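Below: one structure, written as structure tokens.
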């Protein structure tokens with residue numbers, strides 16, 4: 001376990017670096033025409049592969065820990081209007097993408113995508129298949145709340161081509177779920193995993209640590225139960241308490257939230273248990289079986305990530321996102337749709353891209369993004385390798401990232417990394433504090449008043 005003094009020293013509010021720059025830097029005034037121009041320009045950039053993200057905001061009830069952009073509703077008429085809009089957006093953007101490019105990744109997130117009926121999901125999938133060219137080995141993934149899964153529903157998803165499913169378990173203890181306003185799985189989770197894997201579907205089980213009533217011991221029991229089901233991946237997310245952003249999170253405080261020491265013990269126990277069970281650690285929070293593509297990628301130093309999580313460089317593409325609040329990640333631009341469902345639907349009815357914010361990247365941003373991704377994903381930075389990916393020399397890359405070796409010296413003294421002129425290597429201890437290391441390469445970190453969750 002990491003030394004407590006070291007933990008206290010580095011437990012600071014920092015970006016999660018799921019993107020660079022973080023979404024807090026996206027700007028108003030980015031227009032629909034700006035987005036269409038960025039989409040058309042993206043055809044000239046690498047990667048040529050296409051990743052599609054669909055945001056389904058609807059949930060039938062609010063989980064108190066939720067930090068996502070959601071809308072609590074059971075109104076099927078609203079669902080139908082939203083589906084009509086998302087299909088029109090799919091068609092709109094397809095008209096500006098080179099049809100020789102192939103879709104290698106589809107990801108459904110939310111919200112709760114399986115709040116929709118199977119028929120509704122199929123309507124959207126059919127629109128994708130009509131308008132885009134699919135790669136033969138495309139990953140088609142969906143996040144599901146197991147409280148709403150049935151055998152019949154799973155069968156429909158399989159027929160639509162889904163081959164990866166993420167189940168939001170969060171915890172197996174019903175008392176903890178009740179305190180978080182989360183319903184338990186409708187079927188035994190082990191049975192769901194068995195059924196899916198028997199049909200060739202890769203399965204993620206997702207957990208959150210830092211919830212009311214959780215203890216290091218209880219959380220470790222949930223992880224052992226997950227291991228017994230033997231999913232392809234297990235994810236342990238640290239609960240980010242940001243009530244100034246999500247006011248409903250204050251509800252969790254009445255039952256008490258585990259402090260940093262307890263959370264670190266939960267993380268450490270879970271990590272040790274998963275490694276002993278044969279899972280491979282991927283970044284800070286993912287664990288995968290040795291034969292999983294992420295495990296293979298981490299060994300070959302080709303791991304990558306986007307807003308949807310870890311992926312491989314072979315699978316991921318530029319991300320074109322559909323639905324309210326969805327964020328597109330193009331070579332040199334981020335574009336976020338409006339966060340208001342009626343406004344989203346109205347914009348689409350007018351034939352407009354429903355843009356709310358955006359960010360155009362310059363050479364410096366692209367260089368910093370590549371460096372931070374490499375550190376976050378592969379726990380190392382070889383200047384020559386990374387500079388070659390963005391057609392810069394190593395010295396140009398160091399200049400663009402305002403690199404100063406003196407900033408690394410305190411981290412090296414604390415055993416978080418080692419470095420020389422050619423390469424920086426993160427130590428096993430440093431992997432616990434990877435966000436702190438990434439922040440060294442972030443020239444925008446102190447630009448303006450931004451509030452972030454703590455690293456632990």
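When we screen 85, 38 for residues that are in contact with a strand residue (DSSP E or B) (Cβ under 7 Å, 6 or more places away or on another chain), buried (at least 20 other Cβ atoms within 10 Å of the Cβ) and modelled with pLDDT of 95 or more, the only hit is 38. Taking helices (runs of 4 or more DSSP H) as the structural unit, those lying wholly within the range 26-132 and holding at least 2 residues that are farther than 28 Å from residue 158 by Cβ and free of Cβ contacts under 8 Å to residues at least 60 places away in the same chain correspond to 32-42. Test residue 336 against the criterion of being more than 20 Å from residue 164 (Cα to Cα), surrounded by 20 or more Cβ atoms within 10 Å (Cβ to Cβ), at pLDDT 95 or above and within 16 Å of the chain's Cα centre (by Cα), and give yes or no. Against the criterion (more than 20 Å from residue 164 (Cα to Cα), surrounded by 20 or more Cβ atoms within 10 Å (Cβ to Cβ), at pLDDT 95 or above and within 16 Å of the chain's Cα centre (by Cα)), residue 336 qualifies. Note on the range 88-107: residues that are within 19 Å of residue 308 (Cβ to Cβ) and surrounded by fewer than 19 Cβ atoms within 10 Å (Cβ to Cβ) total 2. Taking the range 283-305 as the range and being under 20 Å from residue 142 (Cα atoms) and touching a helix residue (DSSP H, G or I) at 6+ places or on another chain (Cβ under 9 Å) as the test, the residues that pass are 285, 286, 287, 288, 289, 304, 305. Considering the conditions (1) modelled with pLDDT under 95; (2) in contact with a strand residue (DSSP E or B) (Cβ under 7 Å, 6 or more places away or on another chain); (3) part of a helix (DSSP H, G or I), residue 19 is excluded by exactly one of them, (3).
Restricting attention to the range 183-211, the residues that are in contact with a helix residue (DSSP H, G or I) (Cβ under 8 Å, 6 or more places away or on another chain), over 11 Å from residue 226 (Cα atoms) and not in a strand (DSSP E or B) add up to 13. Among all positions in the range 245-257, there is no residue which is in contact with a helix residue (DSSP H, G or I) (Cβ under 9 Å, 6 or more places away or on another chain), part of a loop (DSSP other than H, G, I, E, B), surrounded by 19 or more Cβ atoms within 10 Å (Cβ to Cβ) and on the phi < 0 side of the Ramachandran plot.
Restricted to the range 284-378, the set of helices (runs of 4 or more DSSP H) holding at least 3 residues that are in contact (Cβ under 8 Å) with a residue 60 or more places away in the chain comprises 341-349, 363-378. The set of residues in the range 164-182 that are surrounded by fewer than 19 Cβ atoms within 10 Å (Cβ to Cβ) and either assigned to a helix (DSSP H, G or I) or in contact with a strand residue (DSSP E or B) (Cβ under 9 Å, 6 or more places away or on another chain) (or both) comprises 174, 175, 178.
The values are calculated or read from the model by the stated rules, or taken from the named source; none is laboratory data. Being a predicted model, the structure only gives us computed values, none of them experimental. Every residue, glycine as well, gets a Cβ built from its backbone with ideal geometry; the counts of neighbours run over all protein chains shown.
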